[in-house]
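Heads up: the structure comes next, in structure tokens.
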Amino acid sequence: MVKLTDGKYEGKPFVEGGASRPTVTITDTYALGDLNNDLADDAVVVLIENSGGSGTFFYLAAVVNQNGATNNVDTELLGDRIIVKAITVDAGKIVVNMTDHGPRDLMCCPTEEVTRTFRLEKGTLIGG
């Protein structure tokens, strides 16, 4: 687990004095809605993780409102170098519209339109 400051986490270099280091950044793609049936708005956000290689990994994070404090209760990998187009939350159902890699796509250029559906169950994102 990492803690974001001003929307970003930057870890120590993998090699002393090196430029490659783990980073996690929150995007501006998110949705609000009740994820755990407690009648309080929660959030689903997209995080991007990069560890200095060619991969750029997108994660869906469920952030629950617990008496006014936010708590990231679970995070699920969406994919490497994908495009997240939209997220919605309705009646606890999380819908992610994204472009993923088809069987013939290069990693740089996803073309397959995908809808993934999740729900938060006992603090765990279920679905995919």
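Counting other C-beta atoms within 10 Å, and keeping those with at most 11, which DSSP coil GluC sites (Glu not before Pro) do you find in the range 1-61? Mind showing how you got there, number by number?
Numbers: sites: E10, E16, E49; in loops: E16.
For GluC sites (Glu not before Pro) across the range 1-61 that sit outside H, G, I, E and B with at most 11 neighbouring Cβ atoms in 10 Å, the list reads E16.
Using a 1.4 Å probe on the protein heavy atoms, what percent of the accessible area of the chain belongs to carbon and sulfur? Write out the running numbers ahead of the final one.
Numbers: 3990 of 7830 Å².
The nonpolar share, carbon plus sulfur, comes to 51 percent.
Label the chain by shape, choosing from rounded, prolate and oblate, from the square roots a ≥ b ≥ c of the eigenvalues of the Cα gyration tensor; if a/c is under 1.5 it is rounded, and otherwise prolate applies when a/b is larger than b/c, oblate when it is not.
Numbers: a/c = 2.61, a/b = 1.24, b/c = 2.11.
Note, shape of the chain comes out oblate.
Of the trypsin sites (Lys or Arg not before Pro) in the range 1-90, which ones lie in a loop per DSSP and count no more than 12 other C-beta atoms within 10 Å? Can you show the working numbers first?
Working: sites: K3, K8, R81, K85; in loops: K3, R81.
When the trypsin sites (Lys or Arg not before Pro) of the range 1-90 are filtered for loop state and at most 12 Cβ neighbours within 10 Å, K3 remain.
Considering only protein heavy atoms, what per residue accessible area in square angstrom results for the range 23-128 with a 1.4 angstrom probe? Could you put the intermediate results ahead of the total?
Numbers: 5820 Å² over 106 residues.
Dividing the accessible area of the range 23-128 by its residue count gives 55 Å².
³J(HN,Hα) across the range 37-43 via Karplus (A = 6.51, B = -1.76, C = 1.60, θ = phi - 60°), whole Hz, x for Gly/Pro?
Calculated HN-Hα couplings, in order: 6, 10, 6, 10, 5, 10, 9 Hz.
Based on alpha-carbon centroids, what's the gap between the range 88-119 and the range 1-54 in Å, whole number please?
19
Which order do peptides 89-98, 69-78 fall in by mean Cβ count within 10 Å, highest first? Please list the in-between numbers first.
Numbers: 89-98: 17.0, 69-78: 14.9.
In descending order of packing, they fall as 89-98, 69-78.
The values are calculated or read from the model by the stated rules, or taken from the named source; none is laboratory data. Quick caveat, the model's predicted, so the values are computed rather than measured. We place every Cβ from the backbone using ideal geometry, glycine too, and count neighbours over all the protein chains shown. Just the protein is used for accessible areas: all its heavy atoms, side chains included, with ligands, DNA and RNA removed. Shrake-Rupley method; radii C 1.70, N 1.55, O 1.52, S 1.80 Å.
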